[in-house]
Amino acid sequence: MTADAAASVAAPAPPPVRRRRSLWPRSLFGRLMLLLVTVVALAALTTIVVFNRDRAALIARQFNDTKVVQMKALRAALEGVDGPNRREQLARLGRDYGVRIVPERERPTIGFAPKGATMQGLEERLREDLGQGTEVRIAPRARQLFVRLQAGDDAYWIGFPLPHSESDIPVRTLAWVIAIMVLLLLAAFAFARYLARPLGDLRSAVEHVGRGETPPALPESGASEIAAVNRGFNAMLANLRQIERDRAILLAGVSHDLRTPLARLRLGIEMSQADDAMREGMVSDIDEMNRIIDQFLDFARVETAVASNPIDVDAELAAAVERYTRAGRALQFAADAPAAFVRMKPAALSRVAGNLIDNALAYGKPPVEISARVQGADVVIDVADRGPGIAPADVERLKQPFTRAGEARAREDGAAGAGLGLAIVDRIARLHGGTLDLLPRDGGGTIARVRLPRTAPP
């Protein structure tokens, strides 16, 4: 083991990075809802505060000029109250004026002094009209506002009912506020969903494009900003489709045009007088060129590999392995029960198996083992070899078209190859909702693993 390797082994692994959980929503829908809920809550709170402040003004407005005239008349009537029937007279005056009359000698203090500029202003105005001995008190339990009225040598507390009860107003206000908030929140929810739905459709379409699929065109209606984004996306999608068609036509045309001169070359070589070794080498080169052309054609028409009929994975893999076995190649195939089915054209699955087997035979070392098994909702196909393996940094690069392995994983026959085998497998897997992974094998080598969604048998 080298010093660098020993240092890498001895070095402790860095602690996992923990993302701080934030209460701020990550989605646009959540942020819109939070904004609207905050606005509605602030509006409701402001309404309650303003209403409570206006209650004092409502009480003050009750004591208008008419009420002051009544209190002056009541004071005049109270000045004549005296004698043994005094209590009955006070009760009669209270009924006549619709007030509660409490002599100050019986109850020196009552309620508490009101606060606030409005109520203090009311007290000052009543003092100007009724005399300096006038005071204002509020009795919450009695739900009355008391005014101290000096009548002759005696003073009285005159209780007026408040405009509304202390408990009914907050309950009714709270009920209205809750009802309004519920209606506003329902409207906000519908509005936020309406705004976020086009973005969700756009995200889904982008994910389809990222998987190599072709999503349907997005609607170009609705809000002007969303419509403009959808128009741009649809134009990009149309350009991508045209590029794919042009690329397929170009590859198919070039590949087709190359086959005729290659066929003439092979015929000429086989009829030439060159020695057998040279002739076999030249024929082998032409066969390699034909194989590369076949890969070009496969790469050009891979979009047509999608089908909806279930096929037996084990049967197709067994047929592919048998073709190589008849050609003298040593392969091992194992299939686990139960039988695995996927929705794919048989030619597409045969192309996947053939490309992975060719890659293992060309770049790896025997034994080459092929297996298929059911794992959860997926069907897993493994093609394993005992070659030098693939560096983790090269895994994603080798899935790209026209990419070849490095010197550590060179072809056994010395040919260059087109660099399309794994790219074709990756595209077919993604078109069918699957994946291609290149994994290190225990004991040395590489495992090319294809995962495809499992389906029910026909």
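The values are calculated or read from the model by the stated rules, or taken from the named source; none is laboratory data. All figures in this text were calculated on a predicted structure; none of them were measured in a lab. In this analysis, Cβ positions are derived from the backbone assuming ideal geometry, glycine residues included, and neighbour counts consider all displayed protein chains. Surface accessibility is based on the protein's heavy atoms, side chains included, excluding ligands, DNA and RNA. Shrake-Rupley method; radii C 1.70, N 1.55, O 1.52, S 1.80 Å.
Worth a mention:
- Residue within the stretch 138-145 that is in contact with a helix residue (DSSP H, G or I) (Cβ under 7 Å, 6 or more places away or on another chain) and either surrounded by 15 or more Cβ atoms within 10 Å (Cβ to Cβ) or of a type in the set (Ser, Thr, Tyr) (or both) present: yes
- Among the residues listed as Leu218, Leu265, the single one being surrounded by 12 or more Cβ atoms within 10 Å (Cβ to Cβ) and at pLDDT below 80: Leu265
- Assessment of the stretch 113-135 against the conditions (part of a strand (DSSP E or B) and at pLDDT 85 or above) yields at least one matching residue.
Residue by residue, here is whether (1) open to solvent by 90 Å² or more (accessible area, probe 1.4 Å); (2) within 30 Å of Val147 (Cα to Cα); (3) at pLDDT below 80; (4) under 23 Å from the mean Cα position of the chain (by Cα) holds:
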| site | (1), (2), (3), (4) |
| --- | --- |
| Phe51 | no, yes, yes, no |
| Asp54 | no, yes, yes, no |
| Ile59 | no, yes, yes, no |
| Asp65 | yes, yes, yes, no |
| Gln70 | no, yes, no, no |
| Ala73 | no, yes, no, no |
| Arg87 | yes, yes, no, no |
| Leu93 | no, yes, no, no |
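- Residue ID - farthest from Pro346 (Cα to Cα), chosen from residues in the stretch 275-312 that are modelled with pLDDT under 70 and not in a helix (DSSP H, G or I): Arg301
- Matching residues in the stretch 333-357 - criterion: being of a type outside the set (A, V, I, L, M), outside any helix (DSSP H, G or I), surrounded by 17 or more Cβ atoms within 10 Å (Cβ to Cβ) and within 41 Å of the chain's Cα centre (by Cα): Phe341, Arg343, Lys345
- Tabulated pairs, the stretch 364-386, first farther than 10 Å from Pro453 by Cα and of a type in the set (S, T, N, Q), second open to solvent by 60 Å² or more (accessible area, probe 1.4 Å) and in a strand (DSSP E or B), C-beta under 7 angstrom, 6+ apart or interchain: none
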